[in-house]
Amino acid sequence: MSRTVGFGAPGHLTVDHEGESDMGIEDKFSNKAEELSGRAKEAAGAATGDEDLKNEGKADQASSAAKKAVENVKDKANEIADKITGH
């Protein structure tokens, strides 16, 4: 059973009965993979003196961190919605 929760963003967040967004788990894995890839690029760039690769790795990590922050906001919105609706 699904319900839709709006939280001020354009559109809505679809939440399943367990409070996890439909793509939440996949997004979290994807974000972690991006973070780890960024760390590897940064380390490889540092080891080889390739500043472009090092900076690309840092950018990947920053992108992952931003996505993780959005996921955290979604998770908190789901928790609040669950408390309000009693789920």
* What Kirkwood hydrodynamic radius do you get for region 23-85 when you take the inverse of the mean 1/r over all pairs of distinct Cα atoms, in Å? -> 12.7
* Asked: By how many nm would the segment from E71 to S37 grow when fully extended, if each residue of separation counts as 0.36 nm and the alpha-carbon distance is taken off?
  -> 10.3 nm
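Just so you know, all these numbers are worked out from the coordinates, no wet-lab data involved. Fair warning: this is a prediction, and the values are worked out from it, not measured in the lab.
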